[in-house]
Amino acid sequence: MTVIALELNDVGVLAADASGVLSPPSPGVALIEGRSIAVGREAASGARLKPRRIHDRFWNDLDTKALKRPFPSHLSTADLVHRHLQQIWSEVGTDAHSVLLVVPGTFDERQLSLLLGIARSCQIPANGLVDAAVAASLGPESGPSNVLHLDLQMHAAVATLLERRRRLSRVRVLVDDRFGLADLHTRWASQIAADFVRTTRFDPLHLAASEQSLYDHLPAWLRVLPKSNTVTVSMEAGGRRYAIELSHEGMVGAVQRQYDNLVETIRAVRPGSAPLNVVVTDRLATLPGLEDHLSRAHETTVAVLQPAAAAMGAVRAADQISAPTESLPFITVLETGADASHDSGTPAGTHPPAAGGRPPTHLVHDSIAYPISEVPFAIGVSIPEDGRGLQIPRTTAGVSSTQCTVFRRGDSVILEDHSTSGTSVNGRRVAGSTELAAGDTVSFGSPDVELLMVSMVD
């Protein structure tokens with residue numbers, strides 16, 4: 001059976017299978033003119049011609065709320081995601097029966113549910129959800145156990161700390177929304193325009209058409225610069241051709257502060273002084289000087305991932321990610337190396353059920369049983385205003401305001417960790433979320449707070 005993975009980064013959404021990339025990256029851009037909506041590459045080609053009609057945050061802000069002016073109020077970001085996914089799926093043109101959604105760690109539980117519904121409404125047979133950083137970094141055990149995956153979205157940088165032992169587990173995600181690839185491109189466009197004006201008196205930002213042409217050429221120019229100290233670039237306008245020489249040093253200087261911000265982000269997520277293996281996506285590798293900047297700042301080797309690494313990694317680990325249920329677990333843990341295959345069909349990243357596999361109906365604490373329902377049951381030192389939760393004494397060390405939540409999703413019961421100190425199931429720390437079974441013990445804090453999962457039968 002053909003397995004396809006959709007890598008959902010708004011810089012360029014793409015599809016891949018075991019043979020490689022099936023569709024060129026499609027940027028998360030929409031051009032909205034009344035009831036006419038263009039998305040992807042078509043929309044990006046008009047972004048500078050009609051900037052007030054461009055929306056490029058719909059993946060990041062996925063929601064069902066009505067768009068604000070100047071966009072039509074009958075549209076939401078969910079509608080734009082639907083249109084974009086629909087277009088990509090039609091381009092792939094496949095009869096695949098298994099599709100894995102490879103999702104950045106920036107998506108919350110509500111957005112994941114919404115995304116899954118949108119994919120299925122597009123007739124995409126989605127049967128797996130996996131964290132993009134985990135899928136991209138999957139491989140045999142080697143090097144330091146701490147892995148830092150670094151990627152750029154349109155309007156944010158995302159650093160994901162992973163722990164590689166027998167399993168590759170997501171530990172923490174830090175999002176820096178001070179800049180993204182769109183901001184870097186704007187700064188480089190301004191730098192290049194200033195160089196054109198200084199050298200030729202031609203200002204490519206003066207007219208919309210030449211501004212669009214500059215942005216269209218920019219990615220190709222950036223790909224050349226890391227391999228050379230200078231590159232000659234040219235543009236045509238008004239029947240004349242203008243040429244200038246771009247310097248590697250000048251382009252790096254234009255975004256020096258943003259590169260420094262990225263270094264700060266890495267330091268914030270890095271676990272002390274422990275050895276660290278930094279892996280960056282190909283999106284970052286094409287940025288002039290960034291790889292050297294990171295290597296010098298952290299005195300470590302920076303490894304560059306292949307294009308579509310997250311999608312290709314997901315395809316290779318499909319047996320761990322695919323699930324037969326309508327309600328899919330979000331996989332944040334994958335087996336590494338030769339043990340990556342699971343004959344049992346239990347996805348890694350979810351806790352294997354206890355004997356019998358029965359989902360719990362109640363959680364028990366201090367001999368009191370609390371029913372589990374679709375409404376999240378919060379556990380921590382603060383409980384929601386509606387009072388649905390278990391309040392832990394503030395004198396218990398290592399417990400967050402909301403340590404974790406437990407809720408029913410379809411036929412499964414899910415624990416979602418929200419803490420800074422960690423929550424364990426049967427002595428094993430949870431990375432993100434996990435499925436619970438009757439007989440499981442949840443523990444956290446010091447001294448240990450323990451919750452027993454039970455199934456009460458009428």
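Summary of values
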read-out: Selection from 3, 407, 224, by position along the positive dipole direction of the chain (Cβ); value: 224
read-out: Residues with amide H under 5 Å from that of residue 287, placed H, sequence gap 5 or more; value: none
read-out: Estimated 222 nm signal from helices in the chain, with DSSP H stretches of n ≥ 4 weighted -39500 (n - 2.57), rounded to 500; value: -8000 deg cm²/dmol
read-out: Computed Kirkwood radius, in angstrom, where 1/r is averaged over Cα pairs of region 48-101; value: 12.8
read-out: Charged-residue dipole, Cβ positions (Lys, Arg, Asp, Glu), region 239-322 about Cα centre, Debye nearest 20; value: 220
read-out: Relative counts (whole %) of C-alpha pair distances in region 195-254, using bins that are 10 Å wide; value: 21, 56, 22, 1
read-out: Among 186, 261, 325 - extreme Cα towards positive end, dipole of the chain, charges at beta-carbon; value: 186
read-out: Proportion of all alpha-carbon pairs of region 95-170 beyond 22 Å (%); value: 35
read-out: Percent accessible area from carbon and sulfur atoms, region 378-457, protein chains only, probe 1.4 Å; value: 47
read-out: Accessible-area composition of region 142-182, carbon plus sulfur, in percent [1.4 Å probe]; value: 44
read-out: Region 111-213 - percent relative contact order, Cα under 8 Å, separation 6 or more; value: 16
read-out: Coordinate range along principal axes, alpha carbons of region 160-212, Å, largest first; value: 59, 19, 17
read-out: Accessible area per residue in Å² at 1.4 Å probe, computed on the chain; value: 45
read-out: Crossing angle, helix 181-200 versus the chain [Cα axis fit, 0-90 degrees, rounded to tens]; value: 10
read-out: Residue-wise HN-Hα coupling along region 203-212, computed from phi with Karplus coefficients 6.51, -1.76, 1.60 (Hz; x: Gly, Pro); value: 10, x, 8, 6, 10, 4, 5, 6, 5, 4
read-out: Net dipole in debye of the chain [+1 Lys, Arg Cβ; -1 Asp, Glu Cβ; about Cα centre; nearest 20]; value: 1100
read-out: Region 404-458: relative contact order in percent, alpha carbon pairs under 8 Å with at least 6 residues between; value: 26
read-out: Given charges at Cβ of Lys, Arg, Asp, Glu: the chain dipole, positive-most of 76, 305, 209; value: 209
read-out: Principal-axis tilt of helix 256-269 within the chain, Cα atoms, nearest 10 degrees; value: 10
read-out: Relative contact order of the chain, pairs being alpha-carbon contacts under 8 Å that are 6 or more residues apart, as %; value: 13
read-out: Region 111-121 - phi-based ³J(HN,Hα) in whole Hz, Karplus 6.51/-1.76/1.60, Gly and Pro as x; value: 5, 5, 5, 5, 4, 4, x, 5, 4, 6, 5
read-out: Cα-based radius of gyration of the chain once divided by 2.2 N^0.38 Å, which approximates compact folds; value: 1.06
read-out: Antiparallel bridges, percent of DSSP beta bridges restricted to region 24-135 (to nearest 5); value: 60
read-out: In nm, spacing of pseudo-spin labels at residue 186 and residue 220 (7 Å Cα→C-beta vector); value: 2.6
read-out: Size-normalised alpha-carbon gyration radius of region 398-456, reference 2.2 N^0.38 Å; value: 1.06
read-out: Viscosity 0.692 mPa s, 37 °C: Kirkwood-radius Stokes-Einstein D of region 78-219 over Cα pairs, µm²/s; value: 178
read-out: Accessible area in the full protein assembly, largest first, 1.4 Å probe, for 281, 420; value: 420, 281
read-out: Net charge of neighbours whose Cβ lies under 13 Å from the Cβ of residue 32, counting Lys and Arg as +1 and Asp and Glu as -1; value: +4
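The values are calculated or read from the model by the stated rules, or taken from the named source; none is laboratory data. Since we're looking at a predicted model, the values are computed, not measured. For neighbour counting, all protein chains shown are included, and Cβ atoms are generated from backbone atoms with ideal geometry for every residue, glycine included. Heads up: the accessible areas ignore ligands, DNA and RNA and are worked out on the full protein's heavy atoms, side chains in. Shrake-Rupley method; radii C 1.70, N 1.55, O 1.52, S 1.80 Å.
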